[in-house]
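Structure first, commentary second.
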Amino acid sequence: MNKKTRNMTLSALFAALTVISLYIASIWPTGQLGLVAVASLFVAAAVIDIGIGSGVSVFIVSSVIGMLILPNRMAPGLFIMFFGYYPVIKSLIERLRGTALQWILKLAVFNGALTVIWFLMRNVIIGFAGEIDNLLLIYIGGSVVFVIFDYGFTKLIWFYINRVSKYNRV
């Protein structure tokens, strides 16, 4: 199998696995956030094994298919608003020198996504965060949870690189 065919096949496989994860997330609401995060691992795998362009393709294809065929739009919506593109952004940010700069950029991306989600879902969230103090707590708490997510995501990526991907190289 030539390299171009292999890369296209792997991209299609990662996109299919992403859509399957999003489907399970859309019918299983209690595990929705975790399963959407799992779906982002397949985008990360595409970035690792094939490259940034493939990761972007897997994100776009999975997002479109997810919005078209899944019964519940919340899972693909979360994927589109943050989890789907984050592995690509993370890869680009982690190429920069300086851990402090990397964290500043990662937190800026997260808080930017949180702001977009806030404006899109303000009517739903307003009952929960009616006062500006609560909104500040949402940003602070969200940033703490994001740092924990990023740490765990990094560990899963290293597991993939060292245990799965190394057997996949030709």
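Derivation of every value follows stated rules applied to the coordinates shown; laboratory data play no part. Because the structure is a prediction, the values reported are computed rather than measured. For neighbour counting, all protein chains shown are included, and Cβ atoms are generated from backbone atoms with ideal geometry for every residue, glycine included.
Annotations for the structure displayed:
- Across every direction, the projection of the convex hull enclosing the Cα atoms of segment 50-107 has a mean area of 4.3 nm².
- Sites Thr30 and Lys4 - FRET efficiency at Förster radius 25 Å, r taken between beta-carbons, to 0.05: 0.05
- Longest segment of the chain lacking trypsin sites (Lys or Arg not before Pro) that sit in a DSSP loop with at most 11 other Cβ atoms within 10 Å: 1-94
- The chain, helix-only ellipticity at 222 nm - DSSP H runs n ≥ 4, -39,500 (n - 2.57), divided by all residues, nearest 500: -25000 deg cm²/dmol
- Per-pair calculated FRET efficiency, R0 = 25 Å: Asn72 and Leu120 via Cβ, rounded to 0.05: 0.90
- Count, lysine Cα pairs under 23 Å in the chain, 8 or more residues apart or across chains: 7
- Modelled label reach - Ala108, point 7 Å along Cα→Cβ, segment 133-167 residues with backbone N closer than 18 Å: 143, 147
- Cα-derived Rg to Rh of segment 1-80, Kirkwood definition: 1.00
- Considering only Gly31, Gly98, Gly142, the Gaussian network model of the chain with Cα springs below 10 Å gives its largest mean-square fluctuation to Gly98.
- In this simple spin-label approximation, Val144 and Ile60 carry label points 7 Å from Cα along the Cα→Cβ vector, and these lie 3.9 nm apart.
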